[in-house]
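What follows draws every value from the coordinates through simple rules; no lab data is involved. Computed from a predicted structure; not experimentally measured. As a convention, Cβ positions derive from the backbone with ideal geometry for all residues, glycine included, and neighbour counts pool all protein chains shown.
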Amino acid sequence: MKKSILCLLSGLLIISCSKPKEFVKATYKPITISVYASGVIKSGEQYEAYSSDNGILEKIFITEGDTVSQGDILFQIDNRTSRLNSENAKLALELSRQNSSSQSNRIKEIQMQVTQAKDKMVLDSSLYMRQKTLWGQNIGTKVEFEQKELAYKNSKSNYLSTKARHDNAKLQSETEYKQAQNNLKISKEREGNFAVKSEVDGIVYSILKERGEFVSSQMPIAIVGKDNSFFIELQVDEFDIVKIAKGQAVFITMDSYKNEVFEAKVIKVYPIMNEKTRTFRVDASFIQAPPILYPNLTVEANIVLTKKDKAMVLPRKYVLNDSIVKTVKDEQKVVKTGLMNYEYIEIISGIDTTTEIVKP
């Protein structure tokens, strides 16, 4: 019995040892080197609409899917406080206009004081000059002369100070009037900020808030973009970004279009890395776009770095350390390699298409 088992094992060993080795030969085929990236479809000029001020969403003038033109009002935010501020600014402007007018009571009162001060100065000047003439003829006393001189100087000083006060009051009134005009403009502009308008000719893709909800300048209300223009927003790993350049070919696959490949090209490489994802944004545009697209559809992309239409290649798993191959005769050969991707590696020299290669 033992002898029979031994003979059987020996036979199996002989059969196993005599089994031919699996091998491959180098073949000529195209080889492409590319960088993988994932991303999403974006509408041309797609943006998130925000309110410039905080408030309650009072009116919604659009629905999702509506076509809009640049400047169309999309939403109205409750702006009662802003309207009251505008009314107050109007009242302040009217009051300031009246105060700055030459017919205002304030200006007329100071103007009257200026006239009175001027009349007194003229009178005191006349009395002073007459007394001065008399004093030159040795008529009158020195005390009378000095009193007339002092009275003239005081009235002159009073006139100049009253006139300066009048000029300052007039300038202040004019300044307050201009400030009131500016405040009214600011109030009107702020009141207009409560109407959220479309920035582009396009389509409303999504409305993110409902009527009656609170909105702020930090909360997007809607997503709007072009309805006939799309591009691809890709995220490229930081290890690969230095290989990417504008104009490179991109081949796109999408879950929405199974077993189809669409050609695009790189149109922009953004120069700053997203620190959270450690990726760079790269935009591409379709050369041959799918017939129907929607924003935020996911895509997978291969950005072509270089391509050779005819190269002698081996499966990469048959090349040890990307430089050594093993023949069916158990010989190791050093090969010179060129382009390589995840599947194939180009063989430049060291073997030919007749060499039988086994896995190392």
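Among the chymotrypsin sites (Phe, Trp or Tyr not before Pro) within segment 310-360, which fall in a DSSP loop and have no more than 13 other Cβ atoms within 10 Å of their own Cβ? Don't skip to the answer; put the middle values down first.
Working: sites: Tyr318, Tyr342, Tyr344; in loops: Tyr342.
Within segment 310-360, the qualifying chymotrypsin sites (Phe, Trp or Tyr not before Pro) (loop, at most 13 other Cβ atoms within 10 Å) are Tyr342.
Pairs of alpha-carbon atoms within less than 8 angstrom and 6+ residues apart define the contacts here; what relative contact order does segment 244-360 have, in percent? Walk me through the numbers before you get to the answer.
Values: 198 pairs, mean separation 24.1, N = 117.
Relative CO of segment 244-360 lands at 21 percent.
Among Lys265/Lys317; Lys29/Lys329; Lys276/Lys307; Lys42/Lys268, which pairs are too far apart, with a Cα-Cα distance over 22 Å?
Numbers: Lys265/Lys317 31 Å; Lys29/Lys329 26 Å; Lys276/Lys307 33 Å; Lys42/Lys268 14 Å.
Those over the limit are Lys265/Lys317; Lys29/Lys329; Lys276/Lys307.
At a 10 Å Cβ-Cβ cut-off, how would you order Ile232, Ile287, Ile292, fewest neighbours first? If you can, show how the numbers build up before the last one.
Details: Ile232 27, Ile287 12, Ile292 8.
Going from sparsest to densest Cβ surroundings: Ile292, Ile287, Ile232.
Cα centroid distance between segment 30-74 and segment 210-269, in Å?
11
Restricting everything to alpha-carbon atoms, can you work out Rg to Rh for segment 283-360 with a Kirkwood hydrodynamic radius? Kindly include the intermediate steps, with their values, before the conclusion.
Numbers: Rg = 18.6 Å, Rh = 15.3 Å.
Ratio value, two decimals: 1.22.
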